[in-house]
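Participant: Take a look at the following structure, please.
The values are calculated or read from the model by the stated rules, or taken from the named source; none is laboratory data. Treat the numbers as computed from the prediction; the structure is a model and nothing was measured. Neighbour counts are summed over all protein chains in view; Cβ atoms, including those assigned to glycine, are modelled from backbone coordinates with ideal geometry.
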Amino acid sequence: MTRLKKKTSKTSGKTRLLGLLLFLAFTFSSALLLDRPEPGLNFLPEKKYSNEREQKQAIINSFYRVLFDFGIKAEWISGKNISRVVRVPEDLPLVEAYAALINQFESLDARLFKAETNPSGNRAWIEIGVGNEKLIQVLLLKDNSISRINGKIAIVIDDFGYSYGSTVKDFLHLEHEITMSIIPNLRYSKRVAEAANELGVDVMLHMPMQPQSEEVSVESGMLFTEMDEKNTRLRMREAVAAVPHAQGLNNHMGSLATADEPLMRIVMDEANRAGLFFLDSKTNPKSVAYKVAKQMGLPCASNHVFLDNIKEVNYIKDQLNYLAEWASRNKVAIGIGHPEEATLKALQEEMAVLKKRGYKFVRISELVN
């Protein structure tokens with residue numbers, strides 16, 4: 001019995017200690033919970049800035065960033081001190097710029113003193129600040145005498161015809177204008193061409209031509225520099241028949257063929273006979289194809305940028321922005337890509353951004369001279 005009593009006493013002591021620890025833990029955690037603001041009532045987001053000065057600078061910077069992202073030019077913004085007048089171009093709905101500014105200011109915890117538009121939607125006022133201090137007073141004014149159009153861009157996607165899977169279908173339903181260039185005599189060449197035509201997507205013939213490298217696989221119906229005129233014309237006509245609804249053609253590979261002037265004269269003559277324009281893919285900087293097409297009076301153009309030599313989304317986005325810079329300088333720009341997942345994703349994301357900045361995506365048929 002003595003041993004039993006001692007054991008019970010020891011167990012009882014442990015129980016009391018465990019109870020005390022549980023009580024203290026509960027009390028401490030309750031205090032922490034009570035010290036937090038009630039969700040939905042007093043909750044404040046975690047501070048994004050080390051001080052108020054940084055917050056003010058971020059708000060001012062965001063004002064200009066939003067406007068520039070919409071393609072609004074610096075010369076369209078005027079004013080002094082905290083007042084700014086922004087002329088909104090005719091091709092940008094004023095309410096879009098207004099809403100984007102409000103959303104951006106709110107995301108930076110700015111205080112909104114005033115935000116209103118007039119009934120006709122051609123004027124809006126915004127006043128924002130931090131605490132009781134006003135930072136910016138903005139007047140947005142619709143100005144139909146100015147336009148954001150920074151240039152026209154045509155995107156050609158080559159190498160269709162190998163498949164008709166989900167990626168091809170996503171290209172067919174891309175929101176913005178592209179042109180699909182289809183290799184002839186492949187399993188899905190006609191199917192892709194018919195589907196594109198039904199959806200109002202422009203079709204081109206992507207004509208296989210001899211490359212400089214002998215290691216590249218030979219496509220069916222390829223044009224070679226050593227071919228005689230009769231066989232060259234026959235292959236051209238077979239290719240045209242294999243891609244219905246084609247409005248133009250560009251070279252598939254062809255770094256050797258496009259540098260051969262006699263061959264290019266036969267190609268352009270057949271293109272003219274079929275009522276096609278010509279786009280030089282520029283797989284060889286020494287190509288004479290564009291020069292010959294122009295000499296023969298064929299509507300023609302040249303590629304400026306290959307978009308996806310590296311199959312990475314960010315790289316392709318950078319190439320699209322380089323293409324946009326080209327369009328800004330020269331009014332028009334042409335880029336060539338391929339039916340890859342990375343290319344599709346980059347186009348889906350970046351074309352909308354560039355359109356917002358004032359670039360217009362058009363069919364390649366609009367840019368041939």
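Participant: Considering only the range 342-362, state which residues are touching a strand residue (DSSP E or B) at 6+ places or on another chain (Cβ under 7 Å), more than 15 Å from D158 (Cβ to Cβ) and not hydrophobic (A, V, I, L, M, F, W, C).
Facilitator: K355, Y359, K360
Participant: Which of the residues belonging to the range 205-235 are closer than 15 Å to S189 by Cβ, surrounded by 14 or more Cβ atoms within 10 Å (Cβ to Cβ) and either small (G, A, S) or over 32 Å from the mean Cα position of the chain (by Cα) (or both)?
Facilitator: If the condition is that a residue be closer than 15 Å to S189 by Cβ, surrounded by 14 or more Cβ atoms within 10 Å (Cβ to Cβ) and either small (G, A, S) or over 32 Å from the mean Cα position of the chain (by Cα) (or both), then G221, M222, R235 are the ones that fit.
Participant: Moving to a separate point now. Before we move on, is S145 farther than 22 Å from C300 by Cβ, more than 30 Å from the chain's Cα centre (by Cα) and of a type in the set (G, A, S)?
Facilitator: No, not satisfied.
Participant: Counting just the residues of the range 300-340 that are of a type in the set (V, I, T) and under 25 Å from V267 (Cβ atoms), which one comes out surrounded by the most Cβ atoms within 10 Å (Cβ to Cβ)?
Facilitator: Across the range 300-340, the extreme among qualifying residues is I334.
Participant: Taking the range 84-117 as the region of interest, how many residues are in contact (Cβ under 8 Å) with a residue 12 or more places away in the chain and closer than 17 Å to E133 by Cα?
Facilitator: Summing the residues that are in contact (Cβ under 8 Å) with a residue 12 or more places away in the chain and closer than 17 Å to E133 by Cα in the range 84-117 gives 10.
Participant: Being within 11 Å of the chain's Cα centre (by Cα) and closer than 23 Å to H206 by Cα is the filter here, so list the residues in the range 324-344 that pass it.
Facilitator: If the condition is that a residue be within 11 Å of the chain's Cα centre (by Cα) and closer than 23 Å to H206 by Cα, then T343, L344 are the ones that fit.
Participant: Within the bounds of the range 218-236, is there any residue that is part of a helix (DSSP H, G or I), farther than 18 Å from T258 by Cα and either in contact with a strand residue (DSSP E or B) (Cβ under 7 Å, 6 or more places away or on another chain) or in contact (Cβ under 8 Å) with a residue 12 or more places away in the chain (or both)?
Facilitator: So far as the range 218-236 goes, no, none of its residues is part of a helix (DSSP H, G or I), farther than 18 Å from T258 by Cα and either in contact with a strand residue (DSSP E or B) (Cβ under 7 Å, 6 or more places away or on another chain) or in contact (Cβ under 8 Å) with a residue 12 or more places away in the chain (or both).
Participant: Residue pairs, Cβ under 7 Å, 6 or more apart or interchain, first in the range 164-187 and among the acidic types (D, E), second not in a loop (DSSP other than H, G, I, E, B). List them.
Facilitator: Taking only residues 6 or more apart or on different chains, the pairs are D170/L344; E177/F361; E177/V362.
To keep it simple, each residue is scored yes or no on (1) over 21 Å from I128 (Cβ atoms); (2) at pLDDT 90 or above; (3) assigned to a helix (DSSP H, G or I); (4) of a type in the set (S, T, N, Q).
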{"position": "L21", "(1), (2), (3), (4)": "yes, no, yes, no"}
{"position": "F28", "(1), (2), (3), (4)": "yes, no, yes, no"}
{"position": "L33", "(1), (2), (3), (4)": "yes, no, yes, no"}
{"position": "N42", "(1), (2), (3), (4)": "yes, no, no, yes"}
{"position": "K47", "(1), (2), (3), (4)": "no, no, no, no"}
{"position": "Q55", "(1), (2), (3), (4)": "no, yes, yes, yes"}
{"position": "L67", "(1), (2), (3), (4)": "no, yes, yes, no"}
{"position": "I72", "(1), (2), (3), (4)": "no, yes, no, no"}
{"position": "E75", "(1), (2), (3), (4)": "yes, yes, yes, no"}
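Participant: Now for a separate question. For the range 268-289, name all the residues that are touching an Asp or Glu at 6+ places or on another chain (Cβ under 9 Å) and surrounded by fewer than 20 Cβ atoms within 10 Å (Cβ to Cβ).
Facilitator: V288
Participant: Of the residues G200, G151, G165, only one is among the small types (G, A, S), within 23 Å of the chain's Cα centre (by Cα) and modelled with pLDDT under 95; which?
Facilitator: That would be G151, the only listed residue that is among the small types (G, A, S), within 23 Å of the chain's Cα centre (by Cα) and modelled with pLDDT under 95.
Participant: Looking only at the range 298-341, which residues are within 18 Å of I182 (Cα to Cα), out of contact with any strand residue (DSSP E or B) (no Cβ under 8 Å at 6 or more places or on another chain) and aliphatic (A, V, I, L, M)?
Facilitator: Of everything in the range 298-341, nothing turns out to be within 18 Å of I182 (Cα to Cα), out of contact with any strand residue (DSSP E or B) (no Cβ under 8 Å at 6 or more places or on another chain) and aliphatic (A, V, I, L, M).
Participant: Among the listed residues I126, I136, I157, which satisfies the condition of being in contact with a Pro (Cβ under 9 Å, 6 or more places away or on another chain), assigned to a strand (DSSP E or B) and crowded, with 18+ Cβ neighbours inside 10 Å?
Facilitator: I157
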